[in-house]
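Inspection log for the structure reproduced underneath, given as structure tokens.
The values are calculated or read from the model by the stated rules, or taken from the named source; none is laboratory data. Source: prediction; values computed, not measured. Counting neighbours? That spans all protein chains shown, and the Cβs are built from the backbone with ideal geometry, glycine included.
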Amino acid sequence: MAIRKVTYGKWNEAWDGYQAFLEGLASRPGVKRVCDIGGGANPALSLGFIRDHDLDYVILDISAEELGKAPGDYRKVQADIASPDMDVEGGYDLVFSKMLAEHVKDARQFHENVFKLLAEGGIAFHFFPTLYAFPFLLNLLIPERLSTVMLHMFAPRDSYRFAKFPAYYRWCRGPTGRQIRRLEALGYEIEEYIGFFGHGYYEGIKPLDVLNKWITDILIKHPVPLWTSYAYTLLRRVTY
Ligand SMILES: C[S@@+](CC[C@H](N)C(=O)[O-])C[C@H]1O[C@@H](n2cnc3c(N)ncnc32)[C@H](O)[C@@H]1O
């Protein structure tokens, strides 16, 4: 397999840089058909951007309720991206997801289905939280009702637009050798894999936040792929 660029950054760079990174991908020459998986209530590209770049843009989501929250001008498809019987027409130049991968129980089927949705040479981009960051490990281990209460305490948000979904974190890891091998085994070429350290959950608790920032700085200098908190993966469907 060819190009494989593994780099690291801090958690706020993942969030602050997301829109520009995605829009850069959607602006690449030849990108016309774009699928936003799990876009649900919050499609990532605006109708203005879609119009200006003449994109054929579809939101694919398992939930009719979430799709119903997005403006009616978006084209929407209700489907389970992890279904072995997924029946959605392919040929996409760009398939991406933001905060979707951790909610999918069958990660292999998810990545296989994304592969099928891609045109030859098409790219998949996923942004997701990773284990073994402490807040996500806790979310995985404690009951859903307790994690919902804790989320409201540590990261309050509009629960209509940003509803909470059960998370399993399957294949949600930083750029470990195992993670790279299992994506390559599905036929993807890994163009870029960025692991991000640290998170913003302690911002209201000064001593923990200082500790979090200190550990983040150490990890940036001495990266441990299993201790990332978020990742970007940029994958390509290649033909040989
Ligand atoms: C945390 S929300 C993220 C929504 C949006 N991408 C964002 O960043 O605000 C996760 C979304 O994934 C959708 N979802 C969960 N499992 C899915 C599946 N198997 N197939 C398609 N969509 C799924 C949910 O319905 C929800 O809209």
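What's the total number of residues in segment 1-35 that are surrounded by 12 or more Cβ atoms within 10 Å (Cβ to Cβ), charged (D, E, K, R) and modelled with pLDDT of 95 or more? First the steps, then the outcome.
Step one: of segment 1-35, the residues surrounded by 12 or more Cβ atoms within 10 Å (Cβ to Cβ) are 1, 4, 6-15, 17-19, 21-23, 25-27, 31-35.
From what's left, charged (D, E, K, R): 4, 10, 13, 23, 32-33.
Subset that is modelled with pLDDT of 95 or more: 10, 13, 23, 32-33.
So the count comes out to 5.
Determine whether Ala133 is under 18 Å from Trp11 (Cβ atoms) and of a type in the set (Gly, Ala, Ser). Can you show your working first?
On the way: under 18 Å from Trp11 (Cβ atoms): yes; of a type in the set (Gly, Ala, Ser): yes.
Yes: the conditions hold for Ala133.
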Within segment 155-178, restricting attention to residues that are away from the ligand (no atom under 16 Å from the Cβ) and crowded, with 16+ Cβ neighbours inside 10 Å, which residue is farthest from the chain's Cα centre (by Cα)? Thr176
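Listed here are the residues, each with its yes/no results for (1) without any contact (Cβ under 8 Å) to a residue 60 or more places away in the chain; (2) in a helix (DSSP H, G or I); (3) among the aromatic types (Phe, Trp, Tyr); (4) in contact with a Phe, Trp or Tyr (Cβ under 9 Å, 6 or more places away or on another chain).
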position	(1), (2), (3), (4)
Glu13	no, yes, no, yes
Asp16	yes, yes, no, no
Leu25	no, yes, no, yes
Cys35	no, no, no, yes
Asn42	no, no, no, yes
Asp54	yes, no, no, no
Val58	yes, no, no, yes
Would you say Tyr8 is closer than 30 Å to Pro225 by Cβ, within 17 Å of the chain's Cα centre (by Cα) and more than 15 Å from the ligand (Cβ to nearest atom)? yes
Looking at segment 62-77, I want the residues that are farther than 22 Å from Val104 by Cα and have a partner that is within 11 Å of the ligand (Cβ to nearest atom) and outside any helix (DSSP H, G or I) with Cβ atoms under 7 Å, at least 6 apart or on another chain. Which pairs are those? Tyr74/Pro43; Tyr74/Ile59
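Quick one: is Lys164 within 23 Å of Asp80 (Cβ to Cβ) and without any contact (Cβ under 8 Å) to a residue 40 or more places away in the chain?
So Lys164 fits the description; yes.
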Asp80 - would you say it is at pLDDT 95 or above, away from the ligand (no atom under 12 Å from the Cβ) and assigned to a loop (DSSP other than H, G, I, E, B)? no
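Which members of segment 93-109 meet the condition of being within 17 Å of Arg161 (Cα to Cα) and either more than 8 Å from the ligand (Cβ to nearest atom) or assigned to a helix (DSSP H, G or I) (or both)? Don't jump to the end; show me each part of the working.
Step one: list which residues in segment 93-109 are within 17 Å of Arg161 (Cα to Cα), which gives 97-100, 103.
Correct list: His103 only.
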Filter result for the condition that a residue is at pLDDT below 95, of a type outside the set (D, E, K, R), out of contact with any Ser or Thr (no Cβ under 6 Å at 6 or more places or on another chain) and surrounded by fewer than 16 Cβ atoms within 10 Å (Cβ to Cβ), over Pro71, Pro143: Pro143
Take the residues in segment 60-73 that are assigned to a loop (DSSP other than H, G, I, E, B) and either under 20 Å from the mean Cα position of the chain (by Cα) or of a type in the set (Lys, Arg) (or both), then tell me which one is farthest from Leu100 (Cα to Cα). Ala70
What number of residues within segment 201-212 satisfy the criterion of being at pLDDT 90 or above and surrounded by 15 or more Cβ atoms within 10 Å (Cβ to Cβ)? 2
